[in-house]
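Below you'll find the structure, written out as structure tokens, and then a few comments.
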Amino acid sequence: MIKEEEVYKIGQFNKPHGIHGELSFTFTDDIFDRVEECDYLICLLDGIYVPFFIEEYRFRSDSTALIKLEDINSTEAARKFTNVEVYFPVKYVTDEEVEDASWTFFIGFTLRDVETGDIGEIVDVDDTTVNVLFVVDHAGEEVLIPASEELMVEIDQMHKVIAMRIPTGLLTLDDADEIR
């Protein structure tokens with residue numbers, strides 16, 4: 001059985017394309033194209049992570065592809081995958097791929113400050129602005145930490161921990177301290 005910590009989200013299947021079971025796939029990370037050793041993707045179906053082998057795929061843009069999964073041969077079969085989240089196994093991600101991975105790869109990692117210790121779990125990534133931010137669950141409160149390579153000290157993939165040098169005071173800001 002595949003566990004949540006063994007995968008990371010790379011996108012979502014959209015609607016079927018054509019009549020032979022192809023699916024439109026919107027992705028945030030093209031790692032499925034960069035890693036030759038892994039010829040399958042993992043779908044979250046009814047709360048269970050299920051692997052599906054890729055028969056073929058072709059890119060339509062920088063963020064979409066058409067994918068044909070093995071044994072999915074009709075529009076009806078493909079329709080069951082509409083809006084299904086797609087994951088990639090972490091065990092195939094090497095240090096080189098981490099450098100090329102999207103920030104969403106780090107969802108589920110623990111964020112640790114080298115000075116003060118564990119901050120919390122990265123639960124989301126906000127990439128809606130120029131400065132990408134980690135959304136971190138810090139003692140039940142959501143805090144935003146810059147997702148900056150310059151602040152990162154170490155990435156421990158095995159234990160899913162990112163050690164960072166977080167600027168002093170960033171975690172203690174309150175409304176009165178904000179710059180207006």
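Since every read-out is calculated from the coordinates, none of them should be taken as a lab result. A quick note: this is a predicted structure, and the numbers were derived from the prediction, not measured. Positions of Cβ are backbone-derived with ideal geometry, glycine not excepted, and every protein chain shown enters the neighbour counts.
A few notes on this one:
- When Cα extents along the principal axes in Å is calculated for this entry, the matching label among [x] 68, 46, 26; [y] 52, 34, 24; [z] 58, 34, 29 is [z].
- GNM result for the chain, Cα springs below 10 Å: residue of 134, 109, 53 fluctuating most strongly: 53
- Relative contact order for the chain, counting Cα pairs under 8 Å that sit 6 or more residues apart, in percent: 19 percent
- Relative contact order computed over segment 36-94 (Cα-Cα under 8 Å; 6+ residues apart), in percent: 36 percent
- Dipole size of the chain about its Cα centre, with +1 on Lys/Arg Cβ and -1 on Asp/Glu Cβ: approximately 760 debye, rounded to the nearest 20.
- Taking each residue as 0.36 nm, the span from residue 92 to residue 153 lengthens on full extension beyond its C-alpha to C-alpha distance by 19.7 nm.
- Taking 0.36 nm per residue of sequence separation and removing the Cα-Cα distance, the residue 45/residue 83 pair yields an extension gain of 12.6 nm.
- Among the GluC sites (Glu not before Pro) within segment 35-90, those in coil by DSSP and having at most 14 neighbouring Cβ atoms inside 10 Å are 36, 37, 70.
- Cα gyration tensor shape for segment 4-100, rounded if a/c is under 1.5, else prolate or oblate: prolate
- Distances between every pair of Cα atoms in segment 103-177, grouped in 5 Å steps from 0 to the bin holding the largest one, split as 3, 17, 29, 29, 16, 5, 1, 0 percent.
- Helical content alone sets the calculated 222 nm signal of the chain at -1500 deg cm²/dmol, taking -39,500 (n - 2.57) per DSSP H segment of four or more residues and averaging over every residue.
- Too-long pairs where the Cα-Cα distance tops 22 Å, listed order kept, from 9/160; 3/160; 80/160: 80/160
- Calculated FRET value between residue 141 and residue 114, using beta carbons and R₀ = 30 Å, to 0.05: 0.90
- Rel. contact order, % - alpha carbon contacts under 8 angstrom, at least six apart, segment 103-177: 27 percent
- Most mobile of 108, 47, 120 in a GNM of the chain (Cα contacts under 10 Å): 47
- Exposure proxy ranking, count of Cβ atoms within 10 Å, fewest first, for 158, 164: 158, 164
- Between 139, 147, 78, the GNM of the chain built on Cα springs shorter than 10 angstrom shows 139 fluctuating the most.
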